[in-house]
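Rule-based calculations on the coordinates, nothing more; no lab input. If you're wondering where the values come from, they're calculated on a predicted model, not measured in any experiment. Reconstructed Cβ throughout: ideal geometry from the backbone, glycine too, with neighbour counts over all protein chains shown.
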């Protein structure tokens, strides 16, 4: 087999855009006609510029290569341009292309991808969901603890055993910053209300997006500790590992991070800093094989892996296959919108809060080309964008769950 052709799709989910403003999905075809799907989460440049990066990585490091040689291609990209490190844009582009290689290999061998990663460790895997507003709830959902508690209770009634929420204010390019006292008070109130609503039937996953300085992250942790969250996610900017270690030592809540990290070396540094739940986004971290390495590193630190998802259904499928193979899997993030379900056929689905190990060859999914074309992204904004305005210490802050505006 040899990798031969590449197609790239920029797909915009319909409003409110759960999963980001657009998704970058690739389809790679071998000379013998086997296709594979992958998804790129790296999006620090516009989608047209990223298309050029993905194309360059494929043509320079992968075209004509046997898709089995994932380690070799990975090292080519890792070393590209004399970097010797995991550049987030180039290695992120490779991540989606690498997923497609695994999809191809699974189809060629008529086995699911997890069977090529060490086999099935988990017959089913635990999933968690972000708290999204219910049909009758409006913008008050993002600032009212009672509204989020109502949504949490509804999810738990469906069988979900973990819910994530982020009431701590905006993520801003001025981070880390000091939160308003109202942000801390709201965070504690959300935790209390959701805990009261779900009792011990579900874990509380407290999300932030690297907003805070070390000292203020510790203040926030102390305020929410009484409700017993399962994790405190990315409390400070992701490149401050000394600060992450200080936060981890100061709170009883396990610190989680990884959505914005790339490559095993950055995750190794996080684990040395005391992070005990790693959250690789496979479309940025380097792909499925890099994700497996990260999981092994985590296991060596008595840590768990919880693959992150804020993209589309292809990265989701990759997360599931990785999770099936990992003994130290905690859970996987899920986004169960109608569009996620319809864009690909064969997508693993969450039933009662869990996902069964897939049985179809490869990733087990195929792209709906008509839907992809009908929802092509034509704008020029980024997948996610950080707020330029500072935290508002007078009028309060709100974070609307990453919805595209």
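Observations on the model:
- Contact order normalised by residue count of the chain, Cα under 8 Å, 6+ apart, percent: 24
- Fluctuation leader among 323, 159, 379 - the chain, Gaussian network, Cα springs under 10 angstrom: 379
- One Cα centroid belongs to the stretch 216-277, the other to the stretch 9-57; the line between them spans 30 Å.
- Three-way shape call for the stretch 66-129 based on the alpha-carbon gyration tensor, with the a/c threshold at 1.5: oblate
- Spatial separation of Cα centroids for the stretch 133-153 and the stretch 73-104, in angstrom: 40
- Taking the C-alpha atoms only, the angle from helix 241-250 to the longest principal axis of the chain is near 40 degrees.
- In the elastic network of the chain, a GNM with C-alpha springs shorter than 10 Å, the most mobile of 105, 384, 322 is 384.
- P(r) histogram, all alpha-carbon pairs of the stretch 181-315 included - 5 Å bins from 0, percent: 2, 11, 21, 21, 19, 14, 9, 3, 0
- From least to most packed, judged by other beta carbons within 10 angstrom and beginning with the fewest, 308, 375 follow the order 375, 308.
- Spatial separation of Cα centroids for the stretch 390-405 and the stretch 315-349, in angstrom: 29
- Estimated translational D of the stretch 116-362 in µm²/s (Stokes, Kirkwood radius over Cα pairs; 4 °C; 1.567 mPa s): 71
- Beta bridges per DSSP, both residues in the chain: antiparallel share near 50 percent.
- Highest-first arrangement of 257-266, 181-190, 45-54, 86-95, where packing means the average Cβ count within 10 Å: 86-95, 257-266, 181-190, 45-54
- Take each peptide in 241-250, 202-211, count the other Cβ atoms within 10 Å of every residue, and average; sorted highest first, the result is 202-211, 241-250.
- The ranking of 129, 345, 161 from fewest to most other beta carbons within 10 Å of each one's beta carbon is 345, 161, 129.
- Adding -39500 (n - 2.57) for every DSSP H run of four residues or longer, then dividing by how many residues the chain holds, sets the calculated 222 nm ellipticity at -11500 deg cm²/dmol.
- Against the chain, whose longest principal axis comes from its Cα atoms, helix 181-198 is set at around 80 degrees.
- A Cα-only calculation for the stretch 332-405 places Rg and Dmax at 17.7, 55 Å.
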